[in-house]
Each structure stands twice: as structure tokens, then as C-alpha cells.
Amino acid sequence: MKRTLLCMAVLLAASAQAKLPAPPPPTEEAKAKAAETAARTAWATKVEGYKLCVSMDKAAANYFKTAAAAGKSVAPATASAPPCTDPGPFAYTPPKPAEAAGAHSPPDTAKAPPSSQAPAGAATPAKK
């Protein structure tokens, strides 16, 4: 029994040390899908925040209404929180690739060197 457990432990340790092949680099399609998923998650977070804001406003309005009906004196609500803003429907526009965005060199060729022959510290004579 002990010998069997020892053999199993050795096999398990040997298999755990085996190298796994490196995953393939992500393709452009996978990167675009990940960016869209991140945008959709951010939008969903905004929608959840909006729904929470609306429900808190509704609960506060109900509290003030029932407190006034019961004859309790309630201080008016302060306007410290910003109003609820609806994020609207999900809209995602994928970014342009660097080649399509015009991030490469300008189309015309250089006609002069980028620097001049004058040294940067050239002194001009002082007027007297």
C-alpha cells in the first residue's frame, strides 16, 4: 500500500513538472473581441449604477411621502448627489488599426535635413 502511494506521488510530481507548450499569441480577432467585451462590461456597470440610483431615489421619495403622511417632521433632502444619468443603449465602435489611422510616415518625401548647420548655442553679437 505504501509502495503504491509512493509510486503515485512520484508520477504526480513528474507530471506536474512537465512543461506545457506556450499558448499561441492572440490574433487580431481575439484582441478585438476582448476589447468589445471590456466595453460591454463597462457599459453594464454603468447601467447597474443607473438602476441603483433610480431605486435609491424612489426609496427616498417613498420615505418622505410616508413620513409626511404620518405627520413626522422631516428635513428636506439635500442635493449633494448628482442626478441619475441614463447610459443609453450599448454602442461600440472598434478602433482603427494604426495603418488606417494615419499613424505612419507622411506621404511626401523630405526635401531638407531635419536639422540646420548652425550650432544650437550660436551667439548673436550684442548691440552696444
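The values are calculated or read from the model by the stated rules, or taken from the named source; none is laboratory data. As the structure is a computational prediction, the values presented were derived from the model and not from experiment. Reconstructed Cβ throughout: ideal geometry from the backbone, glycine too, with neighbour counts over all protein chains shown.
Selection of segment 44-78 for residues being farther than 30 Å from Ala91 by Cβ, without any contact (Cβ under 8 Å) to a residue 12 or more places away in the chain and assigned to a helix (DSSP H, G or I) yields Ala59, Ala61, Asn62, Tyr63, Lys65, Thr66, Ala67, Ala68, Ala69.
In segment 74-91, of all residues being modelled with pLDDT of 90 or more and surrounded by 12 or more Cβ atoms within 10 Å (Cβ to Cβ), the one that is farthest from the chain's Cα centre (by Cα) corresponds to Cys84.
Over 30 Å from Ala32 (Cα atoms), at pLDDT below 90 and not β-branched (Val, Ile, Thr): does that describe Ala110? Yes; evaluated as a whole, the condition is true for this residue. Within segment 54-73, the only residue that satisfies the criterion of being surrounded by 12 or more Cβ atoms within 10 Å (Cβ to Cβ) and of a type in the set (Val, Ile, Thr) is Val54.
Rundown of residues vs (1) out of contact with any Asp or Glu (no Cβ under 8 Å at 6 or more places or on another chain); (2) within 30 Å of Asp86 (Cα to Cα); (3) modelled with pLDDT of 70 or more; (4) not in a loop (DSSP other than H, G, I, E, B), yes/no style:
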| residue | (1), (2), (3), (4) |
| --- | --- |
| Met8 | yes, no, yes, yes |
| Leu12 | yes, no, no, yes |
| Ala18 | yes, no, no, no |
| Ala32 | yes, yes, yes, yes |
| Thr37 | yes, yes, yes, yes |
